[in-house]
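**Student:** Take a look at the following structure, please.
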Amino acid sequence: MDAEKIKDLRSKISIPLDVAIQLLKKNNGNVFNSELEFHNNTIVEISEITACDLELAREYYNLYNHDRIKVIEKLNSKQTIITTKENLVPRNEIGFVLWPENKKGENYRTAKRNDAFIPSADFEYVINEFKSVFPLENSWDKTVEEYFDICGNNYFDKETCKIIINKIRHTKTDELKVAKFKNELIDWLNDKLLYADCIVVYGNL
């Protein structure tokens, strides 16, 4: 293996000697293609670790100058937005924040941020399903909530969430973007219910 090519590749990307040799062998000594393969492999790895699509992983990888650790940290701290809109940034946006809690009323500490934001206009597509389970007895202190609070916290235990999910799933939806939104919400809820005792829905209206 050409020592100069190894040196050249390692000056472009910080990798161990054995990895540099392996990349160059695979790419017939082409330094450019070896570097490109390394970056592409890293993007795939980031996508798998953060459970995001390749396009977003690539965007952040380039934005943060190929700093793998920083990219993973930034992607894991990115809030999930469930919406019918394109490229929404929920800054000062009116809507609802959802997050999982345990029986002690504590948020779960996970490597990946696990809350979600739904704009008010989109929540209208499912608000009736959430409202339909009221009046609702709080599983922890046995108090009864008479109605869904659009300006505060609403607590839904696991069984109640399953009822809501079933109602959303069986509500007729004609628009493709609305159906996609509902499926994303159902997927988010099901994922959190694998470990959560309760889902909180907070309205910031």
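**Student:** Given the rule -39500 (n - 2.57) for each run of at least 4 DSSP H residues, summed and divided by the residues of the chain, what is its mean residue ellipticity at 222 nm, to the nearest 500 deg cm²/dmol? Walk me through the numbers on the way to the answer.
**Tutor:** Working: 9 runs with 97 residues, N = 205.
Estimated from H runs of four or more residues: -14000 deg cm²/dmol.
**Student:** Please compute the net charge surrounding Lys167, taking Lys and Arg as +1 and Asp and Glu as -1 over other residues with Cβ under 14 Å from its Cβ. Working shown, then result.
**Tutor:** Values: positive: Lys131, Lys162, Arg169, Lys172, Lys182; negative: Glu129, Glu159.
Residues close to Lys167 contribute a combined charge of +3.
**Student:** With θ set to phi - 60°, apply the Karplus curve 6.51 cos²θ - 1.76 cosθ + 1.60 along the range 103-111 and write out the HN-Hα couplings as whole Hz, x wherever there is a Gly or Pro.
**Tutor:** 5, 8, x, 9, 6, 7, 8, 10, 4
**Student:** Measuring with a 1.4 Å probe in the full set of protein chains, what accessible area per residue, in whole Å², belongs to the chain? All intermediate terms of the calculation are to be shown ahead of the outcome.
**Tutor:** Details: 12460 Å² over 205 residues.
About 61 Å² of surface per residue is accessible.
**Student:** Straight-line reach from Lys180: which lysines have Cα under 22 Å away, leaving out those fewer than 8 places along the same chain?
**Tutor:** Leaving aside lysines fewer than 8 places away in the same chain, those within reach of Lys180 are Lys78, Lys85, Lys131, Lys162, Lys167, Lys172, Lys192.
**Student:** I'd like the carbon and sulfur percentage of the solvent accessible area for the range 40-136, probe radius 1.4 Å, heavy atoms only, ligands and nucleic acids excluded.
**Tutor:** Values: 2680 of 5760 Å².
Percent of accessible area from carbon and sulfur atoms in the range 40-136: 46.
**Student:** Roughly what would the spin-label model give for Tyr108 and Arg68, points 7 Å off Cα along C-beta, in nm?
**Tutor:** Reported label-point gap for Tyr108 and Arg68 is 2.7 nm.
**Student:** Given 0.36 nm per residue, what is the gain on full extension from Lys26 to Asp141 after removing their alpha carbon distance, in nm?
**Tutor:** Working: separation 115, 0.36 × 115 = 41.40 nm, distance 6.29 nm.
Gain on extension, Lys26 to Asp141, equals 35.1 nm.
**Student:** Using 1/(1 + (r/R0)^6) with R0 = 45 angstrom and r between the beta carbons of Glu175 and Asn33, what's the FRET efficiency to the nearest 0.05?
**Tutor:** Details: r = 45 Å, r/R0 = 0.99.
Between Glu175 and Asn33 the formula returns 0.50.
**Student:** Expected output is a single nm value to one decimal: the length gained when fully extending between Glu45 and Lys12, i.e. 0.36 nm times separation in residues minus the C-alpha distance. What is it?
**Tutor:** Working: separation 33, 0.36 × 33 = 11.88 nm, distance 1.96 nm.
Residue separation times 0.36 nm, minus the Cα-Cα distance, leaves 9.9 nm.
**Student:** Separate question: Using the Karplus equation 6.51 cos²θ - 1.76 cosθ + 1.60 (θ = phi - 60°), what ³J(HN,Hα) coupling, rounded to whole Hz, does each residue of the range 11-23 give in order, writing x for Gly and Pro?
**Tutor:** Result, ordered by residue: 7, 8, 9, 7, 9, x, 4, 5, 5, 4, 4, 4, 5 Hz.
**Student:** Check the straight Cα-Cα distances from Lys26 and name the lysines below 21 Å, setting aside those fewer than 8 residues away within the same chain.
**Tutor:** Lys5, Lys7, Lys12
**Student:** Using a 10 Å cut-off on Cβ atoms, rank the peptides 150-163, 115-128 from the highest mean neighbour count down. Provide the component values of the computation, followed by the final result.
**Tutor:** Details: 150-163: 15.6, 115-128: 18.5.
Listed from highest to lowest mean packing, they are 115-128, 150-163.
**Student:** What is the log10 of I(q)/I(0) for the range 1-106, computed with the Debye formula using one identical point scatterer on each Cα and no solvent, at q = 0.11, 0.15, 0.16, 0.25 Å⁻¹?
**Tutor:** So the normalised log intensities are -0.51, -0.75, -0.80, -1.28.
**Student:** Sticking with this structure for a sec: Against the globular-protein guess of 2.2 N^0.38 Å, express the Cα radius of gyration of the chain as a ratio, rounded to two decimals.
**Tutor:** Dividing the Cα Rg of the chain by 2.2 N^0.38 Å gives 1.37.
**Student:** Just to verify a number: FRET efficiency for Glu86 and Tyr195, C-beta to C-beta distance, R0 = 41 Å, to 0.05? Before the final figure, lay out each step's value.
**Tutor:** Values: r = 31 Å, r/R0 = 0.75.
Step by step, r from the Cβ atoms, then E = 0.85.
**Student:** Between Glu124 and Asn183, with labels modelled 7 Å along Cα→Cβ, what's the label distance in nm to one decimal, could you check?
**Tutor:** 2.4
The values are calculated or read from the model by the stated rules, or taken from the named source; none is laboratory data. Bear in mind the structure is a predicted one, so any value in this text is a computation, not a measurement. Note: ideal-geometry Cβ built from the backbone for every residue, glycine included; neighbour counts use all protein chains shown. Remember, those area values only see protein heavy atoms, side chains included, never the ligands or the DNA or RNA. Shrake-Rupley method; radii C 1.70, N 1.55, O 1.52, S 1.80 Å.
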